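The structure under discussion appears below in the form of structure tokens.
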Amino acid sequence: MRDQQNFSEATEALISAFERQPHLKPKTISTLPERQAFIDAAELSGFTGANMELDTRFSERKPKWIAKASTESLKRWVHTLLRSERWNSECPNEILEALRGGQMQALAVRLSELDPENEIDEWLCQEKDQPSLIQSGGGYLVRVLQAIDGFYATYGEWPTSLRMPEDALAVLVTYHLSPQGFFRLQSRLSIGSERDTDLIAISGKWEFNYSQQGWNATNDGPVTAREWLGFPEC
């Protein structure tokens, strides 16, 4: 299947990027386009998702185990790898450690061995009719997208995190986005909330405050925030 092949190729590309820059640090690996491509391909191929189980022995897994893991076990390992990376968004380290420790290389070998014609194909496709990423458009979701677009228009790159009021985050999660949609948002951005704060898109020292700057910036680039996130028009 094509998505599975793309994930295999994205894994190989990430390894190649690491081999060209073996002294990468957590902050610098997060800027690699190959890292984001790996995360995106894992989601599209079914190796991570909103309702998947975690690998409770993730920290014990050695390359030899990954090289022989069943598809179900491999799925849990990849999902836990990416969840751990997001949970530690200030200093993402799990993917880098998997590259340094050989687990990622073992994953690449294991992926190359999977036969799209056997039961793995059914496993990856068992939920073809996924719920929509967006439950209800408009409202606060539009503000979030405009904040991301505004950041890009101002600084020429995408933000790495969003901060918003607690009640706004609750509306975004329960009303606007499905669990899969919020998972997609978190795969791109670290999401934080506070009781008294504005909607702010952030990357390093750069900030775009939607309340103060939202009407002063327009993203005229080739890709909008909606497209960058993979959200459909609605």
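Would a scan of segment 24-45 turn up a residue that is touching a His at 6+ places or on another chain (Cβ under 9 Å), closer than 20 Å to Phe183 by Cβ, among the hydrophobic types (A, V, I, L, M, F, W, C) and assigned to a helix (DSSP H, G or I)? Yes, segment 24-45 contains a residue that is touching a His at 6+ places or on another chain (Cβ under 9 Å), closer than 20 Å to Phe183 by Cβ, among the hydrophobic types (A, V, I, L, M, F, W, C) and assigned to a helix (DSSP H, G or I). State yes or no: is Asp40 farther than 20 Å from Glu12 by Cα, in contact with a Ser or Thr (Cβ under 8 Å, 6 or more places away or on another chain) and of a type in the set (Asp, Glu)? No, not satisfied. Candidates in segment 19-65 are the residues that are in contact (Cβ under 8 Å) with a residue 24 or more places away in the chain and hydroxyl-bearing (Ser, Thr, Tyr); of these, the one that is nearest to Cys91 (Cα to Cα) is Ser30.
When segment 86-99 is filtered for residues that are in contact (Cβ under 8 Å) with a residue 12 or more places away in the chain and part of a helix (DSSP H, G or I), the ones remaining, listed by number, are Arg86, Glu94, Ile95, Leu96, Ala98, Leu99. Close contacts from segment 195-223, counting a first residue that is within 28 Å of Cys91 (Cα to Cα) and a second that is at pLDDT below 85, with Cβ to Cβ under 8 Å and a gap of 6+ residues or different chains, come to Phe208/Ala217. Of the helices (runs of 4 or more DSSP H) entirely within segment 144-234, those holding at least 1 residues that are in contact with a Leu (Cβ under 6 Å, 6 or more places away or on another chain) occupy 179-188, 210-213, 225-229. Among the residues of segment 135-172, count how many are out of contact with any helix residue (DSSP H, G or I) (no Cβ under 7 Å at 6 or more places or on another chain), surrounded by 15 or more Cβ atoms within 10 Å (Cβ to Cβ) and either modelled with pLDDT under 90 or farther than 13 Å from Arg188 by Cβ (or both). The qualifying residues number 7.
Return the residue satisfying two criteria in turn: it lies in segment 61-91 and is closer than 26 Å to Gly192 by Cα and among the acidic types (Asp, Glu), and of such residues it is surrounded by the most Cβ atoms within 10 Å (Cβ to Cβ). The residue in question is Glu85. From the list Thr48, Thr31, the lone residue that is surrounded by fewer than 18 Cβ atoms within 10 Å (Cβ to Cβ) and assigned by TED's automatic domain parsing to the domain that holds Ala108 is Thr31. Looking only at segment 6-18, decide whether some residue is touching a residue at least 24 places away in the same chain (Cβ under 8 Å), under 12 Å from the mean Cα position of the chain (by Cα) and part of a helix (DSSP H, G or I). So far as segment 6-18 goes, no, none of its residues is touching a residue at least 24 places away in the same chain (Cβ under 8 Å), under 12 Å from the mean Cα position of the chain (by Cα) and part of a helix (DSSP H, G or I).
His79 falls short on exactly one of the conditions (1) under 18 Å from Phe183 (Cβ atoms); (2) touching a residue at least 40 places away in the same chain (Cβ under 8 Å), and that condition is (2).
For the structure I just gave you, tell me whether Glu97 is out of contact with any Lys or Arg (no Cβ under 9 Å at 6 or more places or on another chain) and over 24 Å from Ser190 (Cβ atoms).
no
The values are calculated or read from the model by the stated rules, or taken from the named source; none is laboratory data. Since this is a predicted model, take the numbers as computed values, not measurements. Quick reminder, even Gly has a Cβ in these numbers, built from the backbone with ideal geometry, and neighbours come from all protein chains shown.
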